[in-house]
Amino acid sequence: MKQDVHGIAVIRVNGKENGKEASLPTRADYLGWIAQTGLALTRCRTVTDALDAMTAQLDAAPFLLRGYVILVEAETLRLSRVASFGRAPTLPAALPLAGSLAGAAIAEERLVVAPPAASSTAAWERTLASESTLVCAPFHGVASRGVIVAALADGAGEDEEYGACLQSAAMLMCSTLDRIGECETQLRQRMQQIDEAHTGRLALIGRLTAALAHEINNPLQAIANTLYLLQHRPLSDEKRQRYLGMAQQETERVIASVRRMLDLYRSSGQGKRPVALHRILDQAIQQASDVLRERGIVVRCLYAPDDLRVSGFAGHLRFACYNLILNSAYAMPRGGTLTIRTCWQDDDTAPSVVVEFADTGTLVDEADLPRLFDPDGPVRGEANGIELPLSYSIIEQHHGTLTVQCTDDQVIFRVCLPAAT
């Protein structure tokens, strides 16, 4: 049971009073000490800071001789952390408080006041009190549980005043530890989000690196073979020119691949901004035009009449669309049709923009559909297995979704992105 600072129940050991209410102290200097204690605790950012600040305030209180600020384990009365003031003796680590006045104060959430040489005190409490009155002021919050144990100075005056002072300080300590616990929880959650985002970026970088290596390796192999033939084989002028043309073409493919990666880098540096989706799609189709033309693939663009805009990195979105187009092209080595549709989608939360890539290429078993976006999942036709995981990662980082379904004669990839506001 939590008690308000204006009414703290008191347990008197070996005394006549039990259950008396201790109100706030009335003397101005005591109230000033409580205010200074609260101000000192507001500057604390860690549990150690709070313990140091509280013991410094207790050490400066003229009505106290010595004592401890004790934190206990959440489910037990075993000491977890302790800070001392006034040259109090060192307490053993993991000291059990069961059977002590401090333990009773914590368990019953009552202020405990014991006169000198009280018979019910534990050995360490008798050592602390010596010939003085002992006061135990408990606190119990969301993130903390503990007690302030202090020996009163001889002839200090009415112990009700000092008990109220210590109980007020204990409640200030409790509020401070709760605030610190909440801040630490928020910090852990933020760090976890940062770690997850960092992990996602590393995964994306790995996939981008694999994609770039694949795109560059094939042209470089072709260039190396062409150069070998030119150097070691007697060739006619016609063949020589044809091989040089092939090497030039493959070189341009490498340059184009590197340029796409540079676009990704520049796009990330510019930050997210509203981008025109139809322009992104047209650029992606143009980038894949050589592959589409080689395979005799017909592209049908069924765009919505509106100017659809999404918020994101233009280069990343273009690369995601480019990879979806490549995946469809690799699934149609002997030609086919790729239909790209766009439309608005209004739901209960926020408007979205939808793009569908429907191709007549290699169909996929229903059981394999969910695994298409895995790096080690099934591939379609001549695809290298990188295109779909890359697109999935990029769309996911833009808070969108990428799904796939298979009909009798088509495979349809559906991209849904939040509309730019």
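The values are calculated or read from the model by the stated rules, or taken from the named source; none is laboratory data. Keep in mind that what you see is a predicted model, and the values were worked out from it rather than measured. Cβ sites come from the backbone with ideal geometry, for glycine too, and all protein chains shown count toward neighbours. Side chains are part of the model used for accessible areas, which takes the heavy atoms of the whole protein and leaves out ligands, DNA and RNA. Shrake-Rupley method; radii C 1.70, N 1.55, O 1.52, S 1.80 Å.
The table for this structure:
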| read-out | value |
| --- | --- |
| Test: residue in segment 387-403 that is more than 27 Å from the chain's Cα centre (by Cα), open to solvent by less than 70 Å² (accessible area, probe 1.4 Å) and among the hydrophobic types (A, V, I, L, M, F, W, C) | no |
| Check on R126, basic (K, R) and free of Cβ contacts under 8 Å to residues at least 40 places away in the same chain | yes |
| Only one of R318, R334, R341 that is open to solvent by 70 Å² or more (accessible area, probe 1.4 Å), basic (K, R), modelled with pLDDT under 95 and within 30 Å of P378 (Cβ to Cβ) | R334 |
| Top-ranked residue of segment 160-180 - restricted to ones that are out of contact with any strand residue (DSSP E or B) (no Cβ under 7 Å at 6 or more places or on another chain) and at pLDDT below 90, ranked as most open to solvent (accessible area, probe 1.4 Å) | E161 |
| The lone exception for V298 - which of (1) assigned to a helix (DSSP H, G or I); (2) open to solvent by 20 Å² or more (accessible area, probe 1.4 Å); (3) in contact with a Leu (Cβ under 9 Å, 6 or more places away or on another chain); (4) modelled with pLDDT of 90 or more it fails | (1) |
| Among residues of segment 24-53, those that are modelled with pLDDT under 80, in a helix (DSSP H, G or I) and open to solvent by 60 Å² or more (accessible area, probe 1.4 Å), counted | 2 |
| Candidate set: segment 344-357, residues that are surrounded by fewer than 21 Cβ atoms within 10 Å (Cβ to Cβ) and not polar (S, T, N, Q); chosen: the one nearest to A288 (Cα to Cα) | E356 |
| Qualifying residue in segment 102-117 (condition: farther than 18 Å from C174 by Cβ, charged (D, E, K, R) and either in contact (Cβ under 8 Å) with a residue 24 or more places away in the chain or open to solvent by 40 Å² or more (accessible area, probe 1.4 Å) (or both)) | no |
| Any chance C136 is under 17 Å from T37 (Cα atoms) and either open to solvent by less than 10 Å² (accessible area, probe 1.4 Å) or touching a residue at least 24 places away in the same chain (Cβ under 8 Å) (or both) | no |
| Condition check for Q287: at pLDDT below 90, surrounded by 13 or more Cβ atoms within 10 Å (Cβ to Cβ), in contact with a Phe, Trp or Tyr (Cβ under 8 Å, 6 or more places away or on another chain) and farther than 16 Å from Q410 by Cα | yes |
| Residue selected from segment 92-101 under the condition open to solvent by less than 60 Å² (accessible area, probe 1.4 Å) and in contact with a helix residue (DSSP H, G or I) (Cβ under 9 Å, 6 or more places away or on another chain), by the criterion farthest from L166 (Cα to Cα) | L95 |
| Residues of segment 48-66 that turn out to be in contact with a helix residue (DSSP H, G or I) (Cβ under 6 Å, 6 or more places away or on another chain) and farther than 17 Å from Y162 by Cα, as a count | 2 |
| Among (1) basic (K, R); (2) under 14 Å from P389 (Cβ atoms); (3) at pLDDT 85 or above - the single one R207 does not satisfy | (3) |
| Residue check, Q192 at pLDDT 80 or above and open to solvent by 100 Å² or more (accessible area, probe 1.4 Å) | yes |
